[in-house]
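First up is the structure itself, then whatever we jot down about it.
The values are calculated or read from the model by the stated rules, or taken from the named source; none is laboratory data. Remember, predicted model here, so these are calculated numbers, not experimental data. Note that we place each Cβ from the backbone using ideal geometry, even for glycine, and neighbour counts take in every protein chain shown.
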Amino acid sequence: MQKTLSIIKPDGVSKKLIGEVICVFESAGFRIAAMKMKWLNRAEAEGFYYVHRERPFFPELVDFMTSGPVVLMVLEGDDVIKRNREIMGATDPAEAKAGTIRARWAGSKQNNIVHGSDSEESAKFEISHFFSGIEIF
Ligand code: CMP
């Protein structure tokens with residue numbers, strides 16, 4: 001079984017979409033193997049998005065990700081990394097397919113409700129950034 005890291009971002013939490021997003025994941029057959037709510041500090045957000053550190057949007061992205069609490073989850077399932085990205089939709093909600101999380105609820109490229117790991121390598125890094133082994137069931 002494959003695992004991926006999912007984040008309900010501060011906009012998803014403030015729009016009261018935690019339940020809706022979890023419902024989408026569980027309806028897709030994903031198992032929630034770990035979950036916690038956390039208000040990220042700058043070091044945690046910068047470390048998480050390290051690969052984007054040279055991008056012009058990086059400072060605003062860190063501001064946004066530290067603007068309120070997030071919900072961190074480890075999702076498990078067959079091919080869950082790819083399937084979760086399909087369910088989330090494109091980064092830019094204007095390009096996201098109808099019915100995806102971002103098409104339904106995202107406000108902008110940055111404020112796009114959810115994050116999902118994009119490869120096995122990033123899933124491994126991202127899960128270990130937020131969860132220890134004994135927190136994953
Ligand atoms: P995420 O899937 O978490 O991965 C990187 C994040 O950077 C992305 O979602 C968006 O929140 C943000 N992002 C990506 N591209 C842009 C952009 N062009 N402008 C602003 N934010 C962006």
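Of note:
- Hits in the range 14-65 (condition: touching a Leu at 6+ places or on another chain (Cβ under 6 Å) and among the small types (G, A, S)): none
- Looking across the range 61-82, the residues that are touching a residue at least 12 places away in the same chain (Cβ under 8 Å) and either in contact with a Gly (Cβ under 7 Å, 6 or more places away or on another chain) or among the acidic types (D, E) (or both) come down to E76, G77, D78, D79.
- For the range 94-120, filtering for residues that are of a type in the set (D, E, K, R), loosely packed, with under 15 Cβ neighbours inside 10 Å and away from the ligand (no atom under 15 Å from the Cβ) leaves 2.
- Listed by first and then second residue, the pairs with beta-carbon distance under 7 Å, at least 6 apart or on different chains, first residue in the range 108-132 and more than 14 Å from V70 (Cα to Cα), second charged (D, E, K, R) and at pLDDT 95 or above, are K109/D92; Q110/E60; S117/E126; D118/R85; A123/K3; I127/K3.
Rundown of residues vs (1) under 17 Å from E26 (Cβ atoms); (2) not in a loop (DSSP other than H, G, I, E, B), yes/no style:
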position	(1), (2)
V74	yes, yes
N84	yes, yes
E95	no, no
G107	no, no
Q110	no, no
E121	no, yes
I127	no, yes
I134	no, yes
F137	yes, no
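- Residue satisfying all of: in the range 36-68; touching a Ser or Thr at 6+ places or on another chain (Cβ under 7 Å) and more than 11 Å from the ligand (Cβ to nearest atom); nearest to F131 (Cα to Cα) among these: L40
- Top-ranked residue in the range 82-93 [being of a type in the set (A, V, I, L, M, F, W, C) and surrounded by 20 or more Cβ atoms within 10 Å (Cβ to Cβ); ranked as nearest to the ligand (Cβ to nearest atom)]: M88
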